[in-house]
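Since every read-out is calculated from the coordinates, none of them should be taken as a lab result. On a predicted model such as this, the values are computed, not experimentally measured, just so you know. Glycine gets a Cβ as well: all are built from the backbone with ideal geometry, and neighbour counts include every protein chain shown.
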Amino acid sequence: MAFQSGHRRGQVWDDVQTLDTIIKNTRFNLTGKSEREFELAFMSAVAANKDRIKGDIHSQVDKDTIVRSVYLFGKKHRPDLTINEDGIAVEIKFLSNSLDGLKQAIGQSIFYRVRYRFVINLFVIDEKYKETYLKGANDEEKDLEEICKDLSSDMNIFSYLVPAFNPGSNVKSLLQWNDIS
C-alpha cells in the first residue's frame, strides 16, 4: 500500500492554496462549542468560496455528496470534507476535553494519504487550552512545530491550529507551519 502521489502543481494544488486562504480568513471564535458546529462553520466558508475551488466539494454535512472513506485496521476512516474523490481530505478536530485529538487526527491524516493526495488538519483549540496556544504563538512548542513542518514537506499533510477564543492583541490568529506558499 502506498500513498497517493501529490504533486504540488495543477488544479488540486491550486485548491490546497485556496483552502489555505479560506482557513486564514475564517473566524473560529464562535459561540458554539462542539466539533459539529465548527465543521458546519468551515463548510459554510468553503461553500461561500465554491467559485474559487476547481474540484468537487464532498462533505459529511451535505446529504447530496458522499465522502470516500479509507478502510484500515478493520475500520472505515472518513474525513469531514474532501475536494474530489482523491484530491484533498480535511479533518477538523475541536480540542476541548483533552489534547488527545491532536494525536488522533495526525494518525488519521496519515491514513487519509492512502487515498488522498493532500490532507489538511484543522485543530480548533478550546479556551481552556489558551496557555498552550499562546506558548505555540510564542515559539515555545518547537517539537510540535518540527512535526508539522515535516508532515507538510514530507507527506503533504498541512496542519492549522486556530483558537475558538480571542487570543488577544498582538497574538497570531492561527498557528501553522506549512510550506504551502
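Stretch residue 14-residue 33 to full length: gain in nm at 0.36 nm per residue minus the Cα-Cα span?
Answer, rounded to one decimal: 3.7 nm.
Amide H of residue 159 versus every other amide H placed in the peptide plane: which residues, excluding those fewer than 5 positions away on the same chain, fall under 5 Å?
Under 5 Å from the amide H of residue 159 lie the amide H atoms of 121, 177, each far enough along the sequence or on another chain.
Just add up the charged neighbours of residue 70: K/R +1, D/E -1, any other residue whose Cβ is under 14 Å from the Cβ of residue 70.
Taking every Cβ under 14 Å from that of residue 70, the sum is +3.
Residue by residue through the range 98-115, what is 3J(HN,Hα) from phi via Karplus (6.51 cos²θ - 1.76 cosθ + 1.60, θ = phi - 60°)? Round to whole Hz and write x for glycine and proline.
7, 8, 5, x, 4, 4, 4, 5, 5, x, 4, 5, 5, 4, 4, 5, 5, 10
Under 18 Å from a point 7 Å along the Cα-to-Cβ line of residue 24: which residues of the range 128-160 have their amide N that close?
Correct set: 137, 149, 152-153, 157-160.
Add -39500 (n - 2.57) for each DSSP H run of 4 or more in the chain, then divide by its residues: what number comes out at 222 nm, to the nearest 500 deg cm²/dmol?
About -11000 deg cm²/dmol.
May I ask you to list the residues of the range 129-153 whose amide nitrogen lies under 19 Å from a point 7 Å from Cα along the Cα→beta-carbon direction of residue 110?
The answer is 143-153, whose backbone nitrogens lie closer than 19 Å to the label point.
log₁₀ I(q)/I(0) of the range 49-180 at q = 0.10, 0.18 Å⁻¹, via Debye over equal Cα point scatterers, no solvent, to two decimals?
Normalising to I(0) and taking log10 leaves -0.34, -1.04.
5 Å is the cut-off here: which amide hydrogens, built 1.01 Å from N in the peptide plane, fall below it relative to residue 57, excluding neighbours closer than 5 in sequence?
Sorted by chain and number, the residues that satisfy this are 84.
With angles folded into 0 to 90 degrees, how steeply does helix 11-25 sit against the dominant principal axis of the chain? Use alpha carbons for both and round to 10.
20
Per 0.36 nm of contour for each residue apart, how much would the distance between residue 47 and residue 166 grow if the chain were fully extended, relative to their Cα-Cα spacing?
40.4 nm
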